[in-house]
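S.K.: Just passing along the structure, written as structure tokens.
The values are calculated or read from the model by the stated rules, or taken from the named source; none is laboratory data. These numbers were taken from a predicted model, which means no experiment stands behind them. Glycine gets a Cβ as well: all are built from the backbone with ideal geometry, and neighbour counts include every protein chain shown. These accessible areas exclude ligands, DNA and RNA; they are computed on the full protein's heavy atoms, side chains included. Shrake-Rupley method; radii C 1.70, N 1.55, O 1.52, S 1.80 Å.
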Amino acid sequence: MKRVVLLVIVTFLMVSMILPQTSIFGANEVQLRFLSLQVGVHPEAPWLEKTVNDFNALNKGKIKVIIDGVAGDQACWEKLRTDAAANTMPDLFTLKADRSEFDVLAQSDRVVDLNSYLKADAEFKKKLNDPGSLETYTYKGKLLGVPYAKAYVGIYYNKTLFAKAGINSFPVTWDEFFAASDKLSKMGVAPLALMTGENSWTSALMLAHLIGTSGPEGLKWLQTSPKDQKFNTPVFINAVKKLQIMLNQYTTLDAIGAGYGVAANNFLQGKAAMIANGPWMIGSFSDPKSAPEGFEKKVGYALAPGNGVIAMENVAYATGSKTKEKRDAAVKFLKYLTTDDVYAAYLSVGGAGPCFQTDLSKVKYPAINQAFLPLAVKAKNQYTIVPNAVKPAVIDALAQLLPGLADKSLAAEQFAKQIQEISDKN
Amino acid sequence: MKTNQEQRRFIVLALIPAVVLFGTFYILPMLGLIATTFFEWNTIKMGGFIGFDNYLKMFQDNVFYIALQNNLSWSLVAMFIHIPLALMVALLLSKKFRGWKVLRTIYFLPHVISVTAFAVIWMNVFNPSFGLINSVLKMIGLGAMCRNWLYDQATAWPAILLTWVFHVGLYAVIILGEILSIPEELFESAEIDGASGIKQSFHITIPLLRNITGTCVILTVTGGLRYFEGLYIMTNGAPNYRTETLALYLYQKIQLIQYSYANTLGVALLAFGLLFVITGMKLFKLGKSDW
Amino acid sequence: MNSEIFKNKVIKLEQRPKRSFSKFIIGLLRWSILLFFAVMTAFPLIWTLFSSVKSSQEILTSALSLPKKLHWENYVYALKVTGIVQSYLNSIIVTTISILLNAYVSLLAAYVIARFRFRGSAFLMTLFSIGILIPINSALLPIKIIMDNLRLSNSLIGLAILYTAIGIPISVLILRSFILGIPVQVDEAARIDGASLWRTVWKIIIPMARPGIVTIMILQAIYCWNEFLYAIILIALPVKRTLQIAIRFFLGQFFFDYGALFAAMTLAIIPTVVLFIIFQNSVVSSLSMGAVKQ
């Protein structure tokens, strides 16, 4: 018995040691770990895989990029920040523009400043010429990432349901919006796919639209930095009052506590007529696993009432390598990402707007996006998402307090007061 | 009997692997965590010394008290409902009637399922629009009682308790293992004395199960204290912190990168749990041999 | 004499229907209780199986209904998208090493704690009890740093060692109570026969505590098989991914495929089920062995 057990242990130890050894070949090869969430069922996964394979083939024997895939935004972020704290940063990673992530990483001082590489390569510098994008990823004079995707977020709506309710075009003012919601609701369809679970994503987007289109005060509110943010203001309270009406009357029963999956599914199944979301959702309209056949033809994409759109920097690619050798190799990969073909392929999949000069003729945007982008670029009110204007703890608190707001046990003023307390405490 | 020296050598050598592993992966991180509670640590890098500020903050934090209260009710339900149910199931199974092995397998199997699946199922049972409970209520004409069980402030926490209290399989099987290792002779002699099945259970089996039942109580209470994954998926503490527990609150604070405050909550969790464990050990006279 | 026999018979006949009736009631009660708990516990498993052949839309729209159409392609996706075969193998390696190591290490410690009084024995027991209280997820960062320094990160053996350590408190606690249930006289008898303590553990305690050992092995196996947080943080190379990392490939924030997720989960459950059924038989056979030895 003892021998058998020992034998089994030894055999397994040997097997496990032999099996996954990777660096048997090419001792001079620089290996780069690319921490990415674009794996599995993520629509950008095939793009990433192809890009990395092509790059590895081009640099055979010199550089090898290995994808360290962690699916899910939250799990990936958890790994990234643990790596940052343990000083084992990945050589390549996705740097999100969300303040909750960007600020933390920027302050950690573990992300490589790309300015010296820009200085050394005039062509690279010329390419990254969008000052707005560059500024987003600059912290204390250091450029921390190559800006890569910019998203315009409006409101998707189900044209078939709108027509059935006798609404001919997407509402342009909030009064029209609520009138239309009333018609849809009388028809037995929930007007909006909202959610209060997870990070309250679609509800928070509606809140941003409500605040951003309420006038100059609203635009200013969304530009305020999280630590100076005030919630006891008419701007915020008025928007919350409207959100309360939406949550109370104009959404599905299961919106309270719902995650993104539930909210999206309500829209995809025609149970809700509108959803606020970004271009990454377009793929699911034509995906047979998520939506009924032909659904993509029913969907329209509109600016928020009040001529508003969320214009947000989305992601950049960055490096955290510690040695010069690895840094150089990582920057080489970053430059490869900015080549026209690679970038066009990316924009075609994700539907994002470009962050630097590129040959847009190669980009094949989905039809829905094609129509929406020109409108979005010209929208009168452009603003960012709520999570960029408040502390992360406030976003967490939304999930706690929105159910009360929805069933009216909490008034908008009380809601604002409680949020203010949470913001002060954290 | 050999000399004491051999015995001493055995004790030391036999304990070394466990103590080394435990020391490296439990004691060391734990000491580190306790130490960090006295520092400011709200970014990736640790800040300066702040004394007992985190503890003061904790004692003024309303959510902390809600979490504590929830942990307490969870532990009591585990002690006084969950484990007695497990004990009952184990005793019934131990009669070895036809089909007991199949049932034992069934009881244990669901524990191989990940917490994610569990959480998703229960969310659907409680779902306000098509969930099992509301559908049944509507079917029997009690539609007025329908509600969003997991997100109604009044029902949220009881609903959470309901998600695990009847899943007694694991502990039933552990206790069953102990019942089956009781020497047959004891029952034989009892049968000669004419004791019936139920009497046997109460006079012979249950007293002999003191140790394992106590262990199970400690396991379920501590397991409950550490549990957060399912809660995180189901409600994440909502609505209005009704379903917050210490472990979940701690996890949320880690997500917000308030590391040292999270660790302070961890210390509170430890203290709370220790109280329960020590009481449990005293109550069940754990560690005393039955022989 | 004859009449007495007759009398006894009459009495027995009179008692019989009453007895069997109460027996029937007790049996019914027993079965309904046991079946209630069986349904409660089996439901999630059956639901997972059903969901694995439903489409993502169906799971979200009517989670509790039966599948309308069998979507076997979920399994194809599960196998194709994640490289599940490699991760399967990795999980088997980690789990096997870890359950064996954990069982042996914990058994020795539990035996010492259960049988000997020495300076610090109570303290040690309290320490282990504290161990089961630690929310191990809060120790993510320190453990990552310790693993990095011991060069155990990004290694399956490292992961197995970590899991072994994490399982120690629970294993010791359970095994100790099983060992306390074994009469001291049994190992004293062995010692008088001249066996060393190591031999006593191997020849007497292991066979007699087998139900306990199997229990902790199963618990440890389930833990190792389902653990994902440490696996995600500590493993970076795709070839060393464990099963749970692979399964999560179907579960993103904005992108998910619940059908394939449950198919992958079902694939992950199968070996645990098989393992449990095999082990279960070994528990039963060990019981008769123990009886013979006594």
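S.K.: Across the residues of A:355-361, average count of Cβ atoms on other protein chains within 10 Å?
M.R.: For peptide A:355-361, the averaged partner shielding equals 0.
S.K.: Still on this model: Got a number for carbon plus sulfur as a percent of the protein assembly as shown's accessible area, 1.4 Å probe?
M.R.: 63
S.K.: Continuing with this model, one more query. Taking 23 Å as the cut-off for C-alpha to C-alpha distance, list the pairs among A:Lys119/A:Lys335; A:Lys125/A:Lys150; A:Lys271/A:Lys380; A:Lys62/A:Lys127; A:Lys164/A:Lys297; A:Lys159/A:Lys289 that go past it. Display every interim value, and only then the final one.
M.R.: Details: A:Lys119/A:Lys335 14 Å; A:Lys125/A:Lys150 19 Å; A:Lys271/A:Lys380 31 Å; A:Lys62/A:Lys127 25 Å; A:Lys164/A:Lys297 15 Å; A:Lys159/A:Lys289 21 Å.
The pairs that break the limit, which is 23 Å between Cα atoms, are A:Lys271/A:Lys380; A:Lys62/A:Lys127.
S.K.: Which residue fluctuates the most in chain B, going by a Gaussian network model with Cα springs under 10 Å, if the choices are B:His82, B:His167, B:His203?
M.R.: Of B:His82, B:His167, B:His203, the Gaussian network model singles out B:His203 as fluctuating most.
S.K.: How shielded is A:32-43 by partner chains, expressed as the average number of their Cβ atoms within 10 Å of its Cβ atoms?
M.R.: 5
S.K.: Tell me the Rg and the Dmax, in Å, that the Cα atoms of chain C produce.
M.R.: Rg and Dmax of chain C, Cα atoms, are 25.7, 90 Å.
S.K.: Can you give me the C-alpha center-to-center distance between the stretch A:99-148 and the stretch B:123-192, rounded to a whole angstrom?
M.R.: The stretch A:99-148 and the stretch B:123-192 have Cα centres separated by 54 Å.
S.K.: So for the pair B:Phe59, A:Asp340, with labels modelled 7 Å out along Cα→Cβ, what separation do we get in nm?
M.R.: About 6.9 nm, to one decimal.
S.K.: Just grab the label-to-label distance for A:Gln74 and B:Ser129, each label 7 Å out from Cα along the Cβ direction, in nm (one decimal).
M.R.: 2.2
S.K.: Let me make sure I get this right: for chain A, a, b and c are the square roots of the gyration tensor eigenvalues over alpha carbons, sorted descending. Under 1.5 in a/c it's rounded, otherwise prolate if a/b > b/c, else oblate. Which is it?
M.R.: Here chain A falls in the prolate category.
S.K.: Nearest 0.05, what FRET efficiency do A:Lys186 and C:Phe43 give at R0 = 51 Å with Cβ-Cβ as r? Walk me through the numbers on the way to the answer.
M.R.: Values: r = 39 Å, r/R0 = 0.76.
For A:Lys186 and C:Phe43, the calculated efficiency is 0.85.
S.K.: Starting from the Cα of C:Val76, step 7 Å along the direction of its Cβ; do the same at C:Ser62; then give the gap between the two resulting points in nm.
M.R.: 2.5
S.K.: If you take the beta carbon distance between A:Glu135 and A:Ala179 as r and set R0 to 41 Å, what does 1/(1 + (r/R0)^6) give as a FRET efficiency, to the nearest 0.05?
M.R.: Once the sixth-power term is evaluated, E becomes 0.55.
S.K.: Moving to a separate point now. Taking chain A as the reference, fit the longest principal axis to its C-alpha atoms, fit the long axis of helix A:201-212 to the helix C-alpha atoms, and give the angle between the two in degrees, 0 to 90, nearest 10.
M.R.: 60
S.K.: Can you pull out the buried accessible area for chains C and B, both sides counted, probe 1.4 Å, rounded to the nearest 100 Å²?
M.R.: Buried surface at the C/B interface: approximately 8500 Å².
S.K.: What pairs in A:Lys142/A:Lys324; C:Lys69/C:Lys240; A:Lys230/B:Lys253; A:Lys322/C:Lys80; A:Lys64/B:Lys45 have C-alpha atoms more than 26 Å from each other?
M.R.: As for pairs spanning more than 26 Å Cα to Cα, those are C:Lys69/C:Lys240; A:Lys322/C:Lys80; A:Lys64/B:Lys45.
S.K.: Okay, next question. Round to the nearest 0.05 the FRET efficiency obtained for A:Gln223 and C:Phe123 when R0 = 51 Å and r is the Cβ-Cβ distance. Before the final figure, lay out each step's value.
M.R.: Numbers: r = 58 Å, r/R0 = 1.14.
My answer for the efficiency is 0.30.
S.K.: Right, another one. Find the relative contact order for chain B and round it to a whole percent, using C-alpha pairs within less than 8 Å whose residues are 6+ positions apart.
M.R.: Relative contact order for chain B comes out at 27 percent.
S.K.: For a bin width of 5 Å, list the pair-distance distribution of the stretch B:205-254 built from all Cα-Cα distances, rounded to whole %.
M.R.: Result, from short to long distances: 5, 20, 20, 15, 11, 9, 8, 7, 3, 0 percent.
S.K.: Short version: ³J(HN,Hα) in whole Hz for each residue of the stretch A:246-259, in order, from phi by Karplus 6.51 cos²θ - 1.76 cosθ + 1.60 (θ = phi - 60°), x for Gly and Pro, what are they?
M.R.: The phi angles translate into 4, 5, 7, 10, 10, 9, 6, 4, 8, 5, 6, x, 6, x Hz.
S.K.: With chain C treated as a Gaussian network of Cα nodes joined by springs under 10 Å, which of C:Ser87, C:Ser32, C:Ser155 yields the largest mean-square fluctuation?
M.R.: Its mean-square fluctuation being the largest, the pick is C:Ser32.
S.K.: Explain nothing, just the number: relative contact order of chain A, from Cα pairs under 8 Å at least 6 residues apart, as a whole percent. Don't skip to the answer; put the middle values down first.
M.R.: On the way: 701 pairs, mean separation 102.2, N = 426.
Here the relative contact order equals 24 percent.
S.K.: With angles folded into 0 to 90 degrees, how steeply does helix A:412-425 sit against the dominant principal axis of chain A? Use alpha carbons for both and round to 10.
M.R.: 30
S.K.: Report for the protein assembly as shown the percent antiparallel among DSSP-assigned beta bridges with both residues inside it, nearest 5. Display every interim value, and only then the final one.
M.R.: Values: 25 of 40 bridges.
Of all bridge pairs located within the protein assembly as shown, approximately 60 percent are antiparallel.
S.K.: While we're looking at this one, here's another question. How many Cβ atoms of partner chains, on average, are near each residue of A:107-117 if near means within 10 Å of its Cβ?
M.R.: What the average comes to for A:107-117 is 1.
S.K.: I've got another one for you. In percent, what relative contact order does the stretch A:183-271 have, based on Cα pairs under 8 Å that are 6 or more apart in sequence?
M.R.: Reported relative contact order: 45 percent.
S.K.: Quick one: among C:Ser56, C:Ser20, C:Ser98, which has the greatest mean-square fluctuation in a GNM of chain C with alpha-carbon springs under 10 angstrom?
M.R.: Among C:Ser56, C:Ser20, C:Ser98, the largest mean-square fluctuation in the Gaussian network model of chain C belongs to C:Ser20.
S.K.: Going 7 Å from the Cα of C:Ile277 toward and past its Cβ, which residues in the stretch C:47-80 have a backbone nitrogen under 20 Å from where you end up?
M.R.: Counting only backbone N, you get C:47-53.
S.K.: Using just the C-alpha positions of the protein assembly as shown as equal point scatterers, what log10 of I(q)/I(0) does the Debye formula give at each q in 0.09, 0.10 1/Å?
M.R.: Here log10 of I(q) over I(0) equals -1.05, -1.28.
S.K.: Now, a different point. May I ask you to give the solvent-accessible area per residue for the protein assembly as shown, in square angstrom, as obtained with a 1.4 angstrom probe?
M.R.: 42
S.K.: Sticking with this structure for a sec: Between the stretch B:13-69 and the stretch C:181-200, what is the separation of their alpha carbon centroids in Å?
M.R.: Rounded to whole Å, the Cα centres lie 42 Å apart.
S.K.: From the phi angles alone, apply the Karplus equation (6.51, -1.76, 1.60; θ = phi - 60°) to the stretch A:33-45 and give each ³J(HN,Hα) in whole Hz, x where the residue is Gly or Pro.
M.R.: Result, rounded to whole Hz: 8, 10, 7, 9, 9, 7, 9, x, 8, 4, x, 8, 4.
S.K.: Nearest 20 debye, what's the magnitude of the dipole of the stretch C:73-293 about its Cα centre given +1 on Lys and Arg Cβ and -1 on Asp and Glu Cβ?
M.R.: It works out to roughly 500 debye.
S.K.: What does a probe at A:Asp121 reach in the stretch A:352-380, counting residues whose amide N is under 16 Å from the point 7 Å along Cα→Cβ?
M.R.: A:356-358
S.K.: Find the Rg to Rh ratio for the stretch A:369-426, where Rh is the Kirkwood radius over alpha-carbon pairs and Rg uses the same atoms.
M.R.: Ratio value, two decimals: 1.17.
S.K.: What residues from the stretch B:158-172 fall in the zone where the backbone N is under 17 Å from a label point 7 Å along the Cα-to-C-beta line of B:Leu76?
M.R.: What the label zone holds, given the 17 Å backbone N cut-off, is B:158-162, B:165.
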